[in-house]
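**Student:** Before I ask anything, let me first share the structure, which is written out below as structure tokens.
The values are calculated or read from the model by the stated rules, or taken from the named source; none is laboratory data. None of these values were measured; they are calculated from a predicted model. FYI the Cβ positions are ideal-geometry reconstructions off the backbone, even for glycines, and counts take in every protein chain you see.
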């Protein structure tokens, strides 16, 4: 079992590298956005563990002070004193350290005229830290309203639905049973390329395979089986043997 | 550099001191003092934070026994500080994630080039669990996800990964200076 380097991962890595090599020191921010379940947090976490980035998950009740306290905690700095003092201590400790900062669920930095995001921008400007903002698909347009912040964003990466090739790699790497090519394509269709959904479907297939004592599973064995749900329309997603998947399998 | 490890430990006997205070006590330059402190910290004998240094429990024991402290290799006793090791990355992942299992960590961290990643990470997780860093998550079902854990508030001690020294059966936390004697038997039978 290992990390699967998807197309989204490759694009994110290239963008992160480009930000590190940026020309303008103050343009050190990066925006990552995409649909829920597209693997944003997973890929960014993998990168964060490699480079030793400080990783924060924004909360609905974040304030500039709350952000500074959380940042101090993950950096191993005592989070005490007035905000201005804490800001100075953090800047003193982290400036020039080349330690990037990741803010997941970055939508929560936008309320109150983006007060928290302004604080993050200020911190990024003064410390010259690379900041990676991770959010849902609408965060791009929301951040774009604040030109003084958006102009600091050097790279924008959209996480797109996984390709059939990516889903195939994930099935190969994670599934404890062998899946035929046609079934992998069916997993891609049922999941719409959302990684979180792919993992759920693989778990369901494994459970069925275990119950029936199967080592290899094909579309034909699962035809008509419900492997997922479309919660928006409240309809089950069932395996079907399409001409397309059968043709690709051969 | 002149090695004066035991003298530096003795200078910290009365409590935490700054680098310049130790240097003044021993009549050494600050650079030489820092060069002496680094190996002591790497062995878990001294805890250093923001230029302030204090003895760990192990440091106190060494000082009390007047054991010779050398500046050379630790013969398996040194604390690993390499930031790119699988364990160091696993610690960062534990701090990032709300909950995790061995499979979760492998899926996030491993690229297939590691030697016995499951054994390495599994042992590290069990060692930290035995030292009290984690709280178990309720298991929803027995299956491939196995045991799940979460890093507790008290267990999230800081950015430096606690070192698990299997040969000695101890966990050394550079963030707090604490040493946990876990023993080796607990890990011998499980893999």
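**Student:** Can you tell me how many residues within region B:1-26 are modelled with pLDDT of 85 or more and in a loop (DSSP other than H, G, I, E, B)?
**Tutor:** 5
**Student:** Name the residue that is nearest to the other protein chains (Cβ to nearest Cβ), counting only residues in region A:165-182 that are touching a helix residue (DSSP H, G or I) at 6+ places or on another chain (Cβ under 7 Å) and without any contact (Cβ under 8 Å) to a residue 40 or more places away in the chain.
**Tutor:** Looking at the filtered set, the residue picked out is A:176.
**Student:** Which is assigned to a loop (DSSP other than H, G, I, E, B) and buried (at least 19 other Cβ atoms within 10 Å of the Cβ), of A:103, A:77?
**Tutor:** Of the residues listed, the single one that is assigned to a loop (DSSP other than H, G, I, E, B) and buried (at least 19 other Cβ atoms within 10 Å of the Cβ) is A:77.
**Student:** If you take the residues of region A:80-89 that are in contact with a helix residue (DSSP H, G or I) (Cβ under 8 Å, 6 or more places away or on another chain) and surrounded by fewer than 20 Cβ atoms within 10 Å (Cβ to Cβ), which of them is farthest from residue A:40 (Cα to Cα)?
**Tutor:** Step by step, filter region A:80-89, then rank; the result is A:81.
**Student:** Does any residue of region B:146-156 turn out to be within 11 Å of chain A (Cβ to nearest Cβ), under 16 Å from the mean Cα position of the chain (by Cα) and in a loop (DSSP other than H, G, I, E, B)?
**Tutor:** yes
**Student:** A further question on this structure: I'd like to know if region A:13-22 contains one or more residues that are modelled with pLDDT under 95, outside any strand (DSSP E or B) and within 14 Å of chain B (Cβ to nearest Cβ).
**Tutor:** Taking every residue of region A:13-22 in turn, at least one turns out to be modelled with pLDDT under 95, outside any strand (DSSP E or B) and within 14 Å of chain B (Cβ to nearest Cβ).
**Student:** Moving to a separate point now. Can you find a residue that is over 14 Å from residue A:132 (Cβ atoms), within 14 Å of chain B (Cβ to nearest Cβ) and crowded, with 22+ Cβ neighbours inside 10 Å anywhere in region A:29-40?
**Tutor:** Yes, region A:29-40 contains a residue that is over 14 Å from residue A:132 (Cβ atoms), within 14 Å of chain B (Cβ to nearest Cβ) and crowded, with 22+ Cβ neighbours inside 10 Å.
**Student:** Please go through region B:98-119 and pick out each residue that is more than 7 Å from chain A (Cβ to nearest Cβ), free of Cβ contacts under 8 Å to residues at least 40 places away in the same chain and either in a loop (DSSP other than H, G, I, E, B) or surrounded by fewer than 18 Cβ atoms within 10 Å (Cβ to Cβ) (or both).
**Tutor:** Within region B:98-119, B:113, B:114, B:115, B:116, B:118 qualify.
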